[in-house]
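The values are calculated or read from the model by the stated rules, or taken from the named source; none is laboratory data. Predicted model only: the values in this text are computed from it and were never measured. Please note: Cβ atoms are built from the backbone with ideal geometry, for glycine as well, and neighbour counts cover all protein chains shown.
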Amino acid sequence: MRALLPACVLALGFATLPAGPGAANGTQSWDAKTPTHTTQPRQVRGMPEKVPNPPPPQVEVTARWKPTIWIDPDGCMHWAADGGAEGYMVHRVNPQTGKPVCLQMNTCLVENSDVLFATDSHSLTRQGRSRLQSFFANAGAHAYAIYGHTDSRASDEYNMRLSERRAREVANLARSMGNHVAREMGFGERMPIASNATREGMAKNRRVEIVCYR
């Protein structure tokens, strides 16, 4: 009885093997390369079947370079290009001597602010606009620098803002007439040419200075 048990177990094992191509003629075969069943991948509830992976967006970056001439406060010139985010600048030199090209500069107009603007204002008066238009039409300079100054009344911060706005207003008028403005700056009360202790001194300090580069 014990001798028959291994034979029975072996017979039962062969009986459970899948049918192969020889099953039709009564023989039994099994190919180890053929899987007995396939397992489908389990999908997690709430997750998409495929995770989207779109390509990164294509961004086109363009820049417009604006060529210009930069003039240092000492009058020396540079070729410059401004692209907004960055720019570059090189010395403008004489091609024959290799020396920098520098302009002669002089203060060509000092105008009292009371003539150009109303009190506490950066808007040009009619008289002031006419005066500056006549000046820029006849000055004939290559470029200009415009500096605004005030007296010591009001706070330093207020005077700085006022002088900067007045310088910008004069510069915008010059540009509107086709002139090149190298720089515009406001100094407030910090560069007086007379004492602010007297009315006459304060009147002298309220001024707009224009430097001509020739």
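Let's see how each residue does on (1) in contact with a Gly (Cβ under 8 Å, 6 or more places away or on another chain); (2) outside the structural domain of T125 (by TED's automatic domain parsing); (3) in a loop (DSSP other than H, G, I, E, B):
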| site | (1), (2), (3) |
| --- | --- |
| E164 | yes, no, no |
| A167 | yes, no, no |
| V170 | yes, no, no |
| R175 | no, no, no |
| G178 | no, no, yes |
| A182 | no, no, no |
| M191 | no, no, yes |
| N196 | no, no, yes |
| A203 | no, no, no |
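Report yes if some residue within region 187-207 is within 22 Å of I69 (Cα to Cα), at pLDDT 95 or above and of a type outside the set (D, E, K, R); otherwise report no.
Of the residues in region 187-207, the ones within 22 Å of I69 (Cα to Cα) are none.
No: zero hits.
Within region 116-125, which residues are modelled with pLDDT of 95 or more and either surrounded by fewer than 16 Cβ atoms within 10 Å (Cβ to Cβ) or touching a His at 6+ places or on another chain (Cβ under 9 Å) (or both)? Break it down stepwise before answering.
Here is the first cut: in region 116-125, the ones modelled with pLDDT of 95 or more are 116-117, 121-125.
Of everything in region 116-125, those that are modelled with pLDDT of 95 or more and either surrounded by fewer than 16 Cβ atoms within 10 Å (Cβ to Cβ) or touching a His at 6+ places or on another chain (Cβ under 9 Å) (or both) turn out to be S121, S123, T125.
Name the residue, out of N138, N159, that is more than 28 Å from the chain's Cα centre (by Cα) and closer than 22 Å to K204 by Cβ.
The conditions single out N159.
Quick one: count up the residues across region 112-139 that are within 20 Å of N179 (Cβ to Cβ) and without any contact (Cβ under 8 Å) to a residue 12 or more places away in the chain.
Of the residues in that region, 3 qualify.
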